1. Mind putting a number on the dipole of the chain about its Cα centre? Charges go on the C-beta only, +1 for Lys and Arg and -1 for Asp and Glu, and I need it in Debye to the nearest 20.
2. What are the residues whose amide H is under 5 Å from the amide H of Asn204, where those residues sit 5 or more places off or on another chain and H is modelled from the backbone?
3. To make sure I understand, if each residue's beta carbon is the centre and we count other beta carbons within 10 Å, what order do Ile216, Ile95 fall in, fewest to most?
4. In debye to the nearest 20, how big a dipole does region 1-147 give about its Cα centre with +1 on each Lys and Arg Cβ and -1 on each Asp and Glu Cβ?
5. Tell me, what HN-Hα J-couplings in whole Hz come from the Karplus equation 6.51 cos²θ - 1.76 cosθ + 1.60 at θ = phi - 60° for each residue of region 61-68, using x for Gly and Pro?
6. Whole-Hz ³J(HN,Hα) for each residue in region 135-150, computed from phi via Karplus 6.51 cos²θ - 1.76 cosθ + 1.60 with θ = phi - 60°, x for glycine and proline: what do you get?
7. Which of the GluC sites (Glu not before Pro) across region 358-463 are loop residues per DSSP, with 10 or fewer other Cβ within 10 Å?
8. Which of Ser32, Leu411, Ala176 sits farthest toward the positive end of the charge dipole of the chain, with +1 on the Cβ of Lys and Arg and -1 on the Cβ of Asp and Glu?
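Throughout, read-outs are computed from the coordinates displayed, never taken from laboratory work. Since this is a predicted model, take the numbers as computed values, not measurements. Cβ coordinates were reconstructed from backbone atoms using ideal geometry, including for glycine residues, and neighbour counts include every protein chain displayed.
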Amino acid sequence: MKAKFKRFFDNKKRPKILVVGDLILDEYIWGSVNRISPEAPVPVLESKSENLSLGGAANVANNLVALGCDVYLVGGIGRDEKGDKLLDLIKNRSIHTNGIYRFVHRPTTSKVRVIANNQQILRIDKEDDRPITEETEGKFLKYLHAVIPEMDGVICSDYHKGILSEKIANAIMQRAKKSKKQVVVDPKGTDFHKYNGATVITPNQKEVERVAPIKINSREDLDRAAEYLLSLTKSEGILITRGKDGMIFYHKKDKPFEISTVAKEVYDVTGAGDTVISVFGMSLFSDFSYEEAAWLANMSAGIVVGKIGTAVVTLDEINEFLKEEMLRTSSAVLELNEIKQVVSLAKSVGKSIVFTNGCFDLIHGGHIEFLQQAKKQGDILILGINSDESVRAIKGDGRPIKSQGERANILSALQDVDYITIFNEETPESLIREIRPDVLVKGDDYKLEDVVGREIVEGYGARVALIPIVKGLSTSSTVDKILEANRGN
């Protein structure tokens, strides 16, 4: 993941992405409310400023441009002043506009949002969601047929305003399949059948509830609903966004994986779905796996909801957020799946992973010095601790003296230990295979050929480091001294 992500920072690859969908002009009126109108029980906004921004599929395109992509936009606008303003905004973002057509009898879709004291208090919509004419539909079909083979991927942003008709959606899927291009769809409405053949669809949970004939009261209900939608759309996967509950990705062949939300503060969810599909699509079209793409999309959504208004996220912001997230969760005792997520995020921003393991029953000065030296071998130190059951199997019934929870809590307080995970096996081989550290560390009381996991890490190009240990200090000798002292008393 590191090499893939680095390409975007170095601008060595600019994915060429086609965005098809409903174009919206987002208008914002900013001000403050300090009194109630004497004419009616409504707040009086003291207007301070106004601004325009790209909404709908145009916001998806805007997000992709901010991520360094080469974007071609397909959609319609009215022959009106709002259409002129929207087209100017699109061109100013260096988005290709040859696929944008102007309606004769339809206005430009617009949403006016009134913001008071950083809170949205009113939205005014102007739209015409009737089906587009056959003549306009024909123009779109001709352009799509010509341009799809030249793209790295296609994103369909359906706001249910008429552009993504069944005929256009079907044409996109067929042309993309023939050209071996992936299609990601942010769906709307209840007719998901028209997305038949999409690579991935990204509905939120409420949209899933409206479409699937299953009442969702539990995770099991959601799993069944996702299975129904996978069958209905014949897609490879479904990424279901769940607000504060994060996301779940369902694949037609593999087990689903769940991603927790990472938003620090939520100010405005406007455009968050646009950011999710933009980052997910960009990542997928750039050879990221489904899981990697979903994680990056989730991180990006966590950034954008912390902004006010229709906003975008940049690669630099994603990079900084990843670093902060790793710091925020440092010195934590995590499950294996959480450790793997940390490792993936760390490597995506160029951090090296150091791993060591042990029972760490009674923490002494030798342990402290060993861990200090281990941390110097890389950026992030992950510590594997034998569980109580594992320690008993190795040391006998009298051990451990401290429970696995106590040992983990003590070690997590150490400055040099970033993450801890507990394993039940007698050796950490399985853990090493899952984490794939850059450096495996053991004490120099081991011979290199005797280090458990050496062949694994050397097999994928990593290394083993042997660190000098403090002579005369060990948990076993400390225990013996305590017992001898107790016998003397």
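1. Details: 67 positive and 70 negative charges, 221 e Å.
In debye, rounded to 20, the chain gives about 1060.
2. Thr241
3. Working: Ile216 17, Ile95 22.
Arranged by neighbour count, lowest to highest, Ile216, Ile95 become Ile216, Ile95.
4. Values: 24 positive and 19 negative charges, 217 e Å.
Computed about the Cα centre, the dipole is about 1040 debye.
5. Residue by residue, region 61-68 yields 4, 5, 4, 5, 5, 4, 8, x Hz.
6. Listing the rounded values in order: 5, 5, 4, x, 5, 4, 4, 5, 5, 4, 4, 7, 8, 4, x, 8 Hz.
7. On the way: sites: Glu369, Glu389, Glu406, Glu425, Glu426, Glu429, Glu434, Glu449, Glu455, Glu458; in loops: Glu425, Glu426.
Hits after loop and neighbour filter: nothing returned.
8. It is Ala176, whose Cα lies furthest towards the positive end.
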